[in-house]
Amino acid sequence: MTDERTLAPFGRRAAAVTWRARYGAYVVLGCADTGGPRPQAGQFYMLSAAERWGGGEGERPFLPRAFSVLRAPAGSPELEFLVEDVGPGTKRLAELREGDEVLLTGPLGVGFTPPRETRRPLLVGGGVGIAPLAILQDQLFPNAVPLLGFRDGAHAAGAELLIGARIATDDGSAGHHGLVSELLEAELARDSDVEVYACGPPAMLEAVRRECERRGVPAQLALESGMACGFGACFGCVVATRGGYLRLCLEGPVIDANQLAEVSAPEKQPAGATPANR
Amino acid sequence: MLDFCGIALEHPIINGSGTFDAIAARRAFGDALLESFPFAAFVTKTVTVAPREGNPPPRLWEVAGGLINSIGLPNKGLHGFLAEDLPELAELPVPLIVNVMGFSRDEVAELVDAFTERDEVAALELNVSCPNVETGLVMGADPGEVAALLERVTPLTGKPLIVKLTPNAGDVPAVARAAEAAGASALSLINTLRGMALDPGTGQPWLGATTGGVSGPAVRAIALAQVYAVARAVEIPIVGMGGVQTPTDALNLLRAGADLVAVGTESFRDPAAGRRVAEGLGTIVANRT
Ligand SMILES: Cc1cc2nc3c(=O)[nH]c(=O)nc-3n(C[C@H](O)[C@H](O)[C@H](O)COP(=O)(O)OP(=O)(O)OC[C@H]3O[C@@H](n4cnc5c(N)ncnc54)[C@H](O)[C@@H]3O)c2cc1C
Ligand SMILES: Cc1cc2nc3c(=O)[nH]c(=O)nc-3n(C[C@H](O)[C@H](O)[C@H](O)COP(=O)(O)O)c2cc1C
Ligand code: FES
C-alpha cells in the first residue's frame with residue numbers, strides 16, 4: 001500500500017489563535033498555520049499552548065495533546081480544532097483567546113480514504129468525535145447525511161458544525177432518545193450499500209464495528225489512544241489489532257474496521273489480546 | 001567536529017534510545033528530517049534477539065514534569081532489524097549506534113557478534129537494565145554481573161561498547177568502575193527510574209505492566225547527580241541524559257562531566273528539540289570563548 005499521507009513540516013511551529021467560538025459544551029479554535037500544508041480529513045495535530053503549558057495544578061499538562069483537524073478551509077492558512085474540556089490540557093487550550101499562540105506539529109497520521117466500489121458514504125460521530133467528520137464532509141462528501149450522538153443538549157450544539165445532521169442524545173433532550181448506533185442500525189436496514197466513516201468514544205465505535213461486521217458493511221474508524229509524541233517515537237499509543245499492536249499515531253488514527261477484533265478503551269484492552277512480553 | 005570513541009561527531013547532542021524512531025519520523029516528516037537531522041549520531045531503540053510485542057496498554061502516564069512509560073521494548077528482533085531497519089537507518093546522515101539487550105550473556109554475545117560484522121554500525125550501546133535469566137540479578141545493578149558480561153563480550157568486537165547504566169542500582173559509581181575495568185569504551189546514563197501510577201477511578205495500577213520508568217524534567221536533578229558521581233569514578237567518556245529540555249540543561253550535564261548529551265522525552269514535545277538544544281549550546285559555547 002502506498003503511503004499517501006500529507007507530510008508534516010519537521011518540528012513544531014507557532015500558530016496564532018485568530019478566533020474562538022463556543023458551541024454548547026465545546027470550544028472551536030481557529031489558528032493561522034501560515035506555511036503549513038493543508039491536511040487530509042482524518043489527520044491530526046499535536047497541540048500545546050505556547051504559554052502556561054506545564055505550570056498548572058499538578059504540573060500538568062506536560063506533553064502536547066492530539067486533536068483531529070475539524071476544518072481546513074481551502075485557500076486559507078486556517079486550521080480549526082474542536083476542543084472538549086476533559087482535563088488540564090484541553091482546559092488550557094479551551095481558555096485560549098484571539099492573539100494567543102499554540103505550538104503545533106502536523107498534520108500527522110493517515111486519514112480517511114474514498115469508499116470502495118459504488119458505496120455511499122455514511123458518517124457516524126459521537127461527542128467530540130464529530131470533529132474529523134466535518135472536514136470529511138467539506139473535502140469529500142458534501143451530500144452525506146451525518147448521524148451524530150451526544151450525551152445531552154449542551155453537547156448536541158456541536159451538531160451545528162456539520163451540515164444536515166441527524167441527532168441522537170442519551171437523555172432525549174434533542175433528536176432521537178437513545179444511541180447513535182440505533183440510528184445506524186435503522187439506516188443500514190434501509191440501505192446497506194454504504195461505507196461507514198466513524199469517530200467517537202470506544203463503546204460507540206465498538207457498536208458501529210459490530211453492526212457493520214454483521215451486515216458486511218466496510219467501515220473506517222478513527223480511534224483514540226493516549227499519545228505522548230504523535231510521530232511514532234514513543235510506542236505509547238498502541239492499539240491491539242488482529243495483526244498485533246499498531247502505533248495509532250503512525251498507522252492510524254483511521255483504521256479499517258476489519259483489522260480489529262474489538263474496539264476497547266485503552267485501559268480495558270485485554271492483557272492477553274496479543275502475545276505481550278515474550 | 002568532536003571525537004567520541006574514535007567517531008567524528010558534528011556536535012555533542014544525540015538521542016536517548018527509544019525516544020526517537022528515525023524510520024517512523026521519516027514517514028511523518030519525509031526527507032525534511034534528513035536535511036535537518038536533529039542529532040549528531042542516531043541511537044536505535046533496544047534490539048533483542050527475539051521479536052517482542054511490548055507491554056499491554058496503557059503504556060503512558062503523565063506526571064509532574066515528565067512521564068512514566070511501560071513500553072516493554074517492542075522490536076522486530078535481531079533478524080527483523082537486520083533485514084528491515086538497518087538498510088533504512090544506514091541512509092541517515094549521521095553515525096549509527098545500535099542499542100542491544102539480552103536476557104543472558106549468550107544473548108548479548110550473539111547481538112554483539114552480529115552487529116560487529118556490519119559496517120553501517122559505528123558503535124554499540126548495551127542496555128543492562130534487565131534481569132539475567134540465569135542469575136536472576138539485574139545485569140546493570142550489580143558490579144560483578146556487569147564485569148562478567150563485559151569480559152564475555154568485549155573480546156568479540158572492535159567497535160566501541162557503551163554501557164548504559166541503570167539508575168535503579170545501589171551504587172552506580174561502583175557499577176561504572178566495574179564496567180570500565182572490564183573494558184567498556186564509554187558509559188551512558190541515566191536510564192529511567194522505576195515508578196508507578198494508580199488509575200484514579202479504580203485505584204488499580206494504571207500501566208499495563210504495573211510499573212514503568214520515569215523520565216523527563218522530573219529526573220533531571222537525579223541525572224545530574226549521577227553523572228557527576230560517575231564522572232569522578234571513571235576516565236572513559238560519558239553520555240549524560242535525563243530531563244534535558246534546554247541548552248542550559250545540556251551544558252550542566254557537560255559541566256558535571258559528560259562528553260555527549262542525549263535528548264529523550266523532550267523530543268516527544270518537540271520533534272526538533274535535539275537541533276534546538278545543539279544550536280543553543282553552540283551559541284553559549286561560542287559566546288564564552
Ligand atoms: C488522534 C486523536 C484525535 C483527537 N481529537 C480530538 C479532538 O478533535 N477534540 C478533542 O477535544 N479531543 C480530541 N482527542 C482527545 C484529546 O487528545 C484528549 O482529550 C486529551 O489528550 C486530554 O488531555 P487532558 O489533559 O485534557 O486530559 P487528561 O487528564 O489527560 O485526561 C484524559 C484521559 O486520559 C487519562 N488520564 C488521566 N490522567 C492521566 C495522566 N496523568 N496520564 C495519562 N493519562 C491520563 C484518563 O483516561 C482520562 O480520562 C483526540 C485524541 C486522539 C488520539
Ligand atoms: C518512551 C521511552 C522509551 C524508552 N526506550 C528505551 C529503550 O528502548 N532502551 C533504552 O536503553 N532506553 C530507553 N529509554 C530511556 C531513555 O533513553 C533515557 O535514558 C531516559 O528517558 C532519560 O532521558 P530523558 O529524561 O531525556 O527522557 C526510553 C525512554 C522513554 C521515555
Ligand atoms: S504517540 Fe508516540 S508512538 Fe504514537
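The values are calculated or read from the model by the stated rules, or taken from the named source; none is laboratory data. Quick caveat: nothing in here was measured; it's all calculated off a predicted structure. For neighbour counting, all protein chains shown are included, and Cβ atoms are generated from backbone atoms with ideal geometry for every residue, glycine included. Note: areas computed on protein heavy atoms with side chains; ligands, DNA, RNA excluded. Shrake-Rupley method; radii C 1.70, N 1.55, O 1.52, S 1.80 Å.
Examine segment B:167-176 for a residue that is open to solvent by 10 Å² or more (accessible area, probe 1.4 Å) and within 16 Å of ligand 3 (Cβ to nearest atom), and state whether such a residue exists. No; the residues of segment B:167-176 include none that is open to solvent by 10 Å² or more (accessible area, probe 1.4 Å) and within 16 Å of ligand 3 (Cβ to nearest atom).
Has segment A:22-32 got any residue that is open to solvent by 10 Å² or more (accessible area, probe 1.4 Å), in a loop (DSSP other than H, G, I, E, B) and within 14 Å of ligand 1 (Cβ to nearest atom)? Yes, segment A:22-32 contains at least one residue that is open to solvent by 10 Å² or more (accessible area, probe 1.4 Å), in a loop (DSSP other than H, G, I, E, B) and within 14 Å of ligand 1 (Cβ to nearest atom). Evaluate segment A:254-270: report whether one residue or more is under 26 Å from A:LEU70 (Cβ atoms), in contact with a helix residue (DSSP H, G or I) (Cβ under 9 Å, 6 or more places away or on another chain), within 16 Å of ligand 3 (Cβ to nearest atom) and at pLDDT 95 or above. There is at least one residue in segment A:254-270 that is under 26 Å from A:LEU70 (Cβ atoms), in contact with a helix residue (DSSP H, G or I) (Cβ under 9 Å, 6 or more places away or on another chain), within 16 Å of ligand 3 (Cβ to nearest atom) and at pLDDT 95 or above. Taking the criterion of being in contact with a helix residue (DSSP H, G or I) (Cβ under 6 Å, 6 or more places away or on another chain), over 23 Å from A:GLY54 (Cα atoms) and more than 14 Å from ligand 2 (Cβ to nearest atom), the residues of segment B:232-280 that qualify are B:ALA233, B:VAL234, B:ILE236, B:ALA256, B:GLY257. Of all residues in segment A:204-230, those being out of contact with any strand residue (DSSP E or B) (no Cβ under 6 Å at 6 or more places or on another chain), within 15 Å of ligand 1 (Cβ to nearest atom) and not charged (D, E, K, R) number 1. Considering every residue within segment B:184-192, establish whether at least one is surrounded by fewer than 20 Cβ atoms within 10 Å (Cβ to Cβ) and either within 20 Å of B:ILE68 (Cα to Cα) or at pLDDT 95 or above (or both). Looking for residues that are surrounded by fewer than 20 Cβ atoms within 10 Å (Cβ to Cβ) and either within 20 Å of B:ILE68 (Cα to Cα) or at pLDDT 95 or above (or both), one finds none in segment B:184-192, hence no.
Each residue in segment B:1-44 was checked for being open to solvent by 10 Å² or more (accessible area, probe 1.4 Å), under 15 Å from the mean Cα position of the chain (by Cα) and at the interface with chain A (Cβ under 8 Å from one of its Cβ atoms), and 3 pass. The set of residues in segment B:47-61 being within 15 Å of ligand 3 (Cβ to nearest atom) and either under 24 Å from B:ALA114 (Cα atoms) or touching a strand residue (DSSP E or B) at 6+ places or on another chain (Cβ under 8 Å) (or both) consists of B:GLU53, B:GLY54, B:PRO57, B:ARG59, B:LEU60, B:TRP61. A single entry from B:GLY80, B:GLY102 fulfils the requirement of being over 18 Å from the mean Cα position of the chain (by Cα) and more than 10 Å from chain A (Cβ to nearest Cβ): B:GLY80. Within segment A:246-253, is even one residue under 19 Å from A:ARG116 (Cα atoms), out of contact with any helix residue (DSSP H, G or I) (no Cβ under 9 Å at 6 or more places or on another chain), open to solvent by less than 10 Å² (accessible area, probe 1.4 Å) and within 13 Å of chain B (Cβ to nearest Cβ)? Scanning segment A:246-253, I find at least one residue that is under 19 Å from A:ARG116 (Cα atoms), out of contact with any helix residue (DSSP H, G or I) (no Cβ under 9 Å at 6 or more places or on another chain), open to solvent by less than 10 Å² (accessible area, probe 1.4 Å) and within 13 Å of chain B (Cβ to nearest Cβ), so the answer is yes. Kindly check whether there is at least one residue in segment B:62-83 that is at negative phi, more than 14 Å from ligand 2 (Cβ to nearest atom) and touching a residue at least 40 places away in the same chain (Cβ under 8 Å). For segment B:62-83, residues at negative phi, more than 14 Å from ligand 2 (Cβ to nearest atom) and touching a residue at least 40 places away in the same chain (Cβ under 8 Å): absent.
What is the residue count in segment A:200-242 for residues that are within 14 Å of chain B (Cβ to nearest Cβ) and either in contact with a helix residue (DSSP H, G or I) (Cβ under 7 Å, 6 or more places away or on another chain) or within 12 Å of ligand 3 (Cβ to nearest atom) (or both)? Don't jump to the end; show me each part of the working.
First, pick out the residues of segment A:200-242 that are within 14 Å of chain B (Cβ to nearest Cβ): A:202, A:223-242.
Those still in the list that are either in contact with a helix residue (DSSP H, G or I) (Cβ under 7 Å, 6 or more places away or on another chain) or within 12 Å of ligand 3 (Cβ to nearest atom) (or both) too: A:223-239, A:241-242.
Here the count works out to 19.
Looking for something within 14 Å of chain B (Cβ to nearest Cβ), more than 10 Å from ligand 1 (Cβ to nearest atom) and not in a loop (DSSP other than H, G, I, E, B) - is there at least one such residue anywhere in segment A:82-103? Within segment A:82-103 (the criterion being within 14 Å of chain B (Cβ to nearest Cβ), more than 10 Å from ligand 1 (Cβ to nearest atom) and not in a loop (DSSP other than H, G, I, E, B)), the answer is yes, since at least one residue qualifies.
Can you give me the ranges of the strands (runs of 3 or more DSSP E) entirely in segment B:149-255 with at least 2 residues that are within 14 Å of chain A (Cβ to nearest Cβ)? Before the answer, list the steps.
Details: elements: B:161-164, B:186-189, B:193-195, B:212-215, B:238-241.
Once the strands (runs of 3 or more DSSP E) in segment B:149-255 are filtered for at least 2 residues that are within 14 Å of chain A (Cβ to nearest Cβ), what remains is B:212-215.
Scanning segment B:45-55 for residues that are at the interface with chain A (Cβ under 8 Å from one of its Cβ atoms), open to solvent by less than 20 Å² (accessible area, probe 1.4 Å) and hydrophobic (A, V, I, L, M, F, W, C) yields nothing.
Spot the failing condition for B:ASP270; the list is (1) closer than 18 Å to B:ARG177 by Cα; (2) within 16 Å of ligand 3 (Cβ to nearest atom); (3) not small (Gly, Ala, Ser), and only one is missed. Result: B:ASP270 fails condition (1) only. Residue-level check: of (1) within 14 Å of chain A (Cβ to nearest Cβ); (2) part of a helix (DSSP H, G or I), B:THR283 misses just (1).
For segment B:139-146, state whether one or more residues are without any contact (Cβ under 8 Å) to a residue 60 or more places away in the chain, surrounded by 15 or more Cβ atoms within 10 Å (Cβ to Cβ) and of a type in the set (Gly, Ala, Ser).
yes
Look at segment B:190-206: where a residue is touching a residue at least 24 places away in the same chain (Cβ under 8 Å) and a partner is surrounded by 13 or more Cβ atoms within 10 Å (Cβ to Cβ) and of a type in the set (Phe, Trp, Tyr), sitting 6+ places away or on another chain with Cβ atoms under 7 Å, you get B:ALA197/B:TRP61; B:ALA197/B:TRP206; B:TRP206/B:TRP61. Has segment A:77-93 got at least one residue that is within 16 Å of ligand 2 (Cβ to nearest atom), outside the structural domain of A:ALA233 (by TED's automatic domain parsing) and without any contact (Cβ under 8 Å) to a residue 24 or more places away in the chain? Within segment A:77-93, not a single residue is within 16 Å of ligand 2 (Cβ to nearest atom), outside the structural domain of A:ALA233 (by TED's automatic domain parsing) and without any contact (Cβ under 8 Å) to a residue 24 or more places away in the chain.
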